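The values are calculated or read from the model by the stated rules, or taken from the named source; none is laboratory data. Everything numeric in this text was worked out from a predicted model, so none of it was measured. Don't worry about glycine lacking a Cβ; one is built from the backbone with ideal geometry, like all the others, and counts go over all protein chains shown. Side chains included, ligands, DNA and RNA excluded: accessible areas come from the protein's heavy atoms. Shrake-Rupley method; radii C 1.70, N 1.55, O 1.52, S 1.80 Å.
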Amino acid sequence: AKAPHTSHPFTDMAVDVDANQHAKYNKNLLSFASITRQVYSAVCTRKARILGCLGCSLLLFGLVSTSSSSVPVPRTRQMRSSPEPEPLLKPPSEEVVNIVFLVFPTSVDNDRHAERLQAMFDTWARNETIRQFEPFKRTWRISVRIINKHGNMRAGKKSDYHSLPAHARIWSPRSNDPTPQFAWALSEIFREYNIAHTEPNTLDLGNLWIVKIDTITYVVLENMLHYLSQLDASAPHFLGRRLRIDDEYVFCSGGAGFVVSGRAAARYVSTWDDCFHESIETNGWLMGARDVGVTTCFRKAGIEPNVTLDDRQRQRFHIFGPARTVKGNMDGWMTDYSNKINEPIQKGLECCSKESVTFHYMEGPEVRLIDDMIHNSAKWLRMESDERVAEWEKINIGGYSAVPDTDNAEMWSLLLDHLGSHIKKNHVSAGTNS
């Protein structure tokens with residue numbers, strides 16, 4: 001585990017440029033005052049002292065007084081000085097929000113983990129900071145923590161991850177059981193960022209969001225940041241695709257990803273031991289079914305999953321990729337669990353919000369394809385439908401995704417119009433690449 005930072009990474013560190021300029025200016029003034037004293041001795045002769053000493057004294061007094069006081073840098077000096085570089089992050093007067101992605105390896109086709117991670121860092125997770133403009137003025141600082149499930153991922157040798165960006169790290173959890181791994185990861189986040197999660201009024205919790213996804217989850221990052229910006233980050237939020245097994249078990253799908261605010265995460269960690277001993281430890285199913293086990297402990301902590309539908313009752317978090325989701329071609333269990341939570345499966349464009357934030361069961365090649373279609377929609381709009389499908393058929397999409405039909409106009413409207421156009425309205429720009 002990484003040792004805590006000695007300095008607080010949630011606080012922007014700014015260099016006091018004005019203080020340095022004042023110090024240099026005062027030093028020059030003192031040097032000039034010393035020279036003036038020598039001139040005073042030479043000029044103020046016996047014959048001139050009666051008239052000259054008064055003027056020299058006034059001049060010296062004014063210089064020394066000015067040098068010992070704090071004064072603005074003269075306008076001429078400000079104009080001659082080199083302009084300061086623009087700060088990496090936004091000024092302290094604007095908000096900086098931290099979002100940490102916990103990426104867990106999926107059990108689907110383990111040999112493709114490295115390929116999935118590379119696609120992730122080539123697309124939505126490539127930037128360390130994202131600048132958000134109107135109506136939300138803030139900078140998002142992005143961190144990625146890859147959970148190395150068993151201490152060594154298959155296809156997860158060191159050589160596979162030599163090019164990880166600076167904002168990403170690999171964490172090896174103490175437990176191999178999925179549900180305890182999540183509690184451990186939250187504790188590591190608090191320790192890494194030096195946040196006391198037991199402090200109920202810790203301000204840093206209001207500037208923190210934590211997202212749990214799989215290596216086969218695609219994030220529409222602009223939409224996610226826009227969605228979270230509309231929420232009160234200081235409240236205990238637990239966001240995701242809600243499903244219900246029965247009256248006892250309601251949960252957020254781990255594949256579609258779920259998002260927790262810093263406040264919710266702090267409460268989860270504080271109550272984890274009790275939940276573990278009372279509900280998880282003796283229940284092998286909850287120990288292994290991370291999404292159900294995690295939701296169980298959130299509910300015991302008094303935090304229910306939020307409704308995340310948009311104003312037209314369309315989903316934001318998706319368990320399958322765009323093609324299957326638009327078709328409404330879902331597994332029986334998902335249809336059943338969706339009906340029980342009163343959020344039935346919708347087909348066509350009603351399946352997905354324009355503010356959709358995640359799609360699951362997407363392999364690396366399809367992630368690259370979808371990301372390009374969303375962000376370079378003009379290029380794809382110039383293509384015929386059969387040309388787009390041909391591009392899809394060239395890649396290995398895995399066994400859980402689907403190739404769209406040539407005549408599926410709703411599919412192209414979702415990607416090229418709804419999502420492609422909407423993200424352009426979110427007023428964000430990339431910050432630094434790691």
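Peptide packing: for 315-321, 105-111, 398-404, the average count of neighbouring Cβ atoms within 10 Å per residue gives the ranking 315-321, 398-404, 105-111, highest mean first.
Taking other residues whose beta carbon is less than 12 angstrom from the beta carbon of GLY254, and scoring Lys, Arg as +1 and Asp, Glu as -1, yields +1.
Counting every pair of alpha carbons in the range 221-313, the share spaced more than 15 Å apart comes to 61 percent. Rounded to the nearest 0.05, the FRET efficiency derived from the C-beta distance between LYS347 and GLU387 at R0 = 25 Å is 0.50.
Counting only Cα atoms, the size of the range 306-388 along its three principal axes is 41, 26, 21 Å, in decreasing order. With both labels modelled 7 Å from their Cα along Cα-to-Cβ, the ILE245 to ASN148 distance reads 3.1 nm. Is the shape of the range 347-406 best called rounded, prolate or oblate, per the rule: a/c under 1.5 gives rounded, else a/b larger than b/c gives prolate, else oblate, with a ≥ b ≥ c the square roots of the Cα gyration tensor eigenvalues? Here the range 347-406 falls in the rounded category. Return the FRET efficiency for the residue pair ASP331, SER234: r is the Cβ-Cβ distance, R0 is 41 Å, and the value is rounded to the nearest 0.05. Plugging the Cβ-Cβ distance into 1/(1 + (r/R0)^6) gives 0.65. Annotation: extensible slack from ILE395 through SER107 equals 101.6 nm (criterion: 0.36 nm per residue apart, minus Cα-Cα distance). Between GLU278 and PHE133, the FRET efficiency from the beta-carbon distance, with R0 = 45 Å, is close to 0.45. Nonpolar atom fraction for the range 272-320, defined as the carbon and sulfur part of the 1.4 Å probe accessible area, stands at 43 percent.
Taking the 1.4 Å solvent-accessible surface of the range 331-420 as the whole, the part contributed by carbon and sulfur is 44%.
With every protein chain left in place, what is the accessible area of ASP274 in Å² (1.4 Å probe, nearest 10)? For ASP274, the solvent-accessible surface is approximately 100 Å².
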